[in-house]
Amino acid sequence: MRFVNPKSRERYVAAHAALRILIEAYFGLASYRQAFSTTPLGKPQLAGYPDIQCSLSYSGDHALLGVAPGAEIGLDIEQIRTITDAEDLASVYFTEREKSFLQANSPDSPAFHRDFLRIWTRKEACLKAVGQGLNGFNTIECAPGEMTTPVRIGQSQVHAGAIAMRNYAASWARATPLISF
């Protein structure tokens, strides 16, 4: 009920219901038995089932849902649109290589905003996978391509990629612990 906009409320309810149905279908855990909590850093988790990982993101009329057994995952989706402060955000949160990639297009062009959102969703998916929120957003590099080189975040190695969707920038990430010998 905290949503003022009825459309936002409906999207929230539908996305969360779909996530519960997905968890029930893949893991056999009845939706009425599912309870969610958050980690100390605020990452949502299925309470009492640490081996079931899930991620949810929504933008516009679309939601992106994922579940995985025993793997930390993150998803992010953004409807491609003009971001009024994209240049300012990129100057603070993007690496030099990412900023250079963006500068190939005019800041007024649709391509600039599309590429900005592709980089943004990739970075956010990576950080969601490790449960960091936006902490470290400017320290990881995720240029927009079909695949990226694995990124090290804390004690995890994160693999990320793009999800092809018309009019949306969408990304997935999977984190695995670094093994030390």
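The values are calculated or read from the model by the stated rules, or taken from the named source; none is laboratory data. Here the structure is a predicted model, which means the values were calculated and not measured. All Cβ positions, glycine included, derive from the backbone under ideal geometry; neighbour counts span all protein chains shown. Keep in mind that these areas ignore ligands, DNA and RNA; they rest on the heavy atoms of the full protein, side chains included. Shrake-Rupley method; radii C 1.70, N 1.55, O 1.52, S 1.80 Å.
Some notes on this structure:
- Being exposed (fewer than 14 other Cβ atoms within 10 Å of the Cβ) and at pLDDT 95 or above is a property that A104 lacks.
- Residue within the stretch 90-101 that is among the basic types (K, R), surrounded by 12 or more Cβ atoms within 10 Å (Cβ to Cβ), farther than 26 Å from I140 by Cβ and at pLDDT below 95 present: no
- T82 open to solvent by less than 20 Å² (accessible area, probe 1.4 Å) and modelled with pLDDT of 90 or more: no
- Every pair of residues 6+ apart whose Cβ atoms lie under 8 Å, when the first sits in the stretch 1-12 and is in contact (Cβ under 8 Å) with a residue 12 or more places away in the chain while the second is open to solvent by 70 Å² or more (accessible area, probe 1.4 Å): R11/D61
- Filter result (more than 18 Å from E98 (Cβ to Cβ) and at pLDDT 85 or above) within the stretch 129-154: A129, V130, G131
- Every listed requirement among (1) small (G, A, S); (2) in contact (Cβ under 8 Å) with a residue 60 or more places away in the chain; (3) more than 26 Å from V130 (Cα to Cα) is met by G42 save one, (3).
- Residue in the stretch 69-79 that is assigned to a strand (DSSP E or B), open to solvent by 60 Å² or more (accessible area, probe 1.4 Å), under 26 Å from I163 (Cα atoms) and touching a Gly at 6+ places or on another chain (Cβ under 6 Å) present: yes
- Residue in the stretch 49-61 that is more than 16 Å from the chain's Cα centre (by Cα), open to solvent by 20 Å² or more (accessible area, probe 1.4 Å), under 19 Å from T176 (Cα atoms) and acidic (D, E) present: yes
- Residues that are under 19 Å from E124 (Cβ atoms) and among the β-branched types (V, I, T), drawn from the stretch 36-74: T38, T39, V67, I73
- Here R152 fulfils each of the conditions (1) closer than 30 Å to I179 by Cβ; (2) without any contact (Cβ under 8 Å) to a residue 24 or more places away in the chain; (3) of a type outside the set (D, E); (4) open to solvent by 70 Å² or more (accessible area, probe 1.4 Å) apart from (2).
- Taking the stretch 15-48 as the range and being surrounded by 15 or more Cβ atoms within 10 Å (Cβ to Cβ), of a type in the set (A, V, I, L, M, F, W, C) and in a loop (DSSP other than H, G, I, E, B) as the test, only L29 passes.
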